[in-house]
1. Could you run through region 311-330 and say how many residues are in contact (Cβ under 8 Å) with a residue 60 or more places away in the chain and closer than 16 Å to V251 by Cα?
2. In this structure, is G67 closer than 30 Å to K181 by Cα, among the small types (G, A, S) and assigned to a loop (DSSP other than H, G, I, E, B)?
3. Please identify the pairs in which a residue from region 378-390 that is among the hydrophobic types (A, V, I, L, M, F, W, C) has its Cβ atom under 9 Å from the Cβ atom of a residue that is open to solvent by 60 Å² or more (accessible area, probe 1.4 Å) and not in a loop (DSSP other than H, G, I, E, B), counting only partners at least 6 apart or on another chain.
4. Out of region 1-37, which residues are of a type in the set (D, E) and within 20 Å of the chain's Cα centre (by Cα)?
5. Within region 106-201, considering only helices (runs of 4 or more DSSP H) that don't extend past its boundaries, which have at least 2 residues that are more than 17 Å from the chain's Cα centre (by Cα)?
6. Condition test on L88, is it surrounded by 15 or more Cβ atoms within 10 Å (Cβ to Cβ), at pLDDT 95 or above and either polar (S, T, N, Q) or not in a loop (DSSP other than H, G, I, E, B) (or both)?
7. Are there any pairs with C-beta distances below 7 angstrom linking a residue in region 66-82 that is open to solvent by less than 20 Å² (accessible area, probe 1.4 Å) to a residue that is hydroxyl-bearing (S, T, Y), with the two at least 6 apart or on different chains, and if so which?
8. I'd like the full set of residues that are of a type in the set (F, W, Y) and either open to solvent by 20 Å² or more (accessible area, probe 1.4 Å) or closer than 15 Å to V189 by Cα (or both), limited to region 254-298.
Amino acid sequence: MAPYLILALAAALLGFFLCELHPSRRNDIIFLTVMSVAMFFFSILRATSVGVDYKMYLDFYWEVCDGGLPFIFSKANVYWREIGYSLLEYLLSLIGPSPLVFSSGIALICLGLNAVFLYKHSPSVWISFFVFISFGFFGYTLCTIRHQIAIAIFMFALPYLKKKQFVPYLLIILLTATFHKSMLIWIPVYFLAQLAMDWRTYTFYGVCLGLYFLFSEKVLSIITQYIYTEYQVGSYYMRGRDPATVFIPLVFFAVVVLMQKPLLARDPQNLPLINLSMYCACLFLMTLKHFVFQRFALVLLPVSMLLLPEILRCLAISPQQQAELDQLKAAVKAGTGNKKANQQRYSELRGSLRDKRAMYYAGIGFIIFGGFLYYGWILSMNRLNLVPYVIDLSLLGF
């Protein structure tokens, strides 16, 4: 567990002292570069035993290296329906048949897409990156490769979802489906995510959840006769998860609900992201009965990389408030205007902003504490077979 926890600690410390205390786009780039390079070598130096699905994907890469382009378009290719992933493997095979080429290519895509997206769209790059590690998203890039590439691409659809631009959103979803066909489910979600979040919405989805827990086995037993036949009721994917699996995603959604008004006041376009956080919480609750729904929940949980920094921005001192404080301070010092009134207002505002600053740093502490709590639980459960982390120096020729 130690290497993973050190990685998360490095992100928290470097992010806070470099980006939080000295905010600038230059420092964001330095932070993203340092952490991405660290995670890149973390990814490519691991043994094949690290990551529950990694060897399976590596074996497919060898098949592509042996079969070439004819294999890609043949029914012998188990991923022939997900042509984007198959062609990616083919392009990597052209570089050379080496596990280092495979792992390097996958790491560059997953980490590169994540870094570019967060730099362009995150209100706080270092917080988002810490969440990327501590909420387990980086760990998934080490094993559920097709799914993680699809999710990394899906994140670029979110700005279009917020702006209600359906065509580019749809095109990005169609692209993600070439890596994991289950991503097609997010096409109709575009319309649902625009609904207002009020008691009627919560009631509707609450009733749907209740019906799910009552009738899911009957409904799924019918559906799996025709599609996803490997997910028969009683199979591994249809078993339930324990309540601990749901805890942090539910806490995340609870915080979003509590901060819903400030989030919408800061940016009304946050509404679709708030909706997605609710769908994520519902899907995690559904895993208590059927594990398979965690696959869909994990597509939406990365929305936390945007909403948690947005919540912090709601707690932070605004530029307008800081400007007013500076003006009052200057007026008091110069003795202009109503000195007594200015002094009183300055004292009141300074005290208020001091409390707000304390709340902001408490919010950062809450995210870091929750992140380490969640990451520690993920690593201790070791469902992805990430622990122990084993280095394979033979990949570098040693």
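1. Number of matching residues: 1.
2. no
3. V387/S380
4. D28
5. Once the helices (runs of 4 or more DSSP H) in region 106-201 are filtered for at least 2 residues that are more than 17 Å from the chain's Cα centre (by Cα), what remains is 166-177, 186-192.
6. Against the criterion (surrounded by 15 or more Cβ atoms within 10 Å (Cβ to Cβ), at pLDDT 95 or above and either polar (S, T, N, Q) or not in a loop (DSSP other than H, G, I, E, B) (or both)), L88 qualifies.
7. That search, which allows pairs on different chains as well, returns I72/S86; I72/Y90; N77/S86; E82/T178.
8. Passing the criteria: Y279, F291, F293, F296.
The values are calculated or read from the model by the stated rules, or taken from the named source; none is laboratory data. The shown structure was predicted, so the numbers you read here are calculated from the model rather than taken from an experiment. No Cβ is skipped: glycine too gets one built from the backbone with ideal geometry, and neighbour counts run over all protein chains shown. In case anyone asks, the SASA skips ligands and DNA or RNA and just uses the protein heavy atoms, side chains included. Shrake-Rupley method; radii C 1.70, N 1.55, O 1.52, S 1.80 Å.
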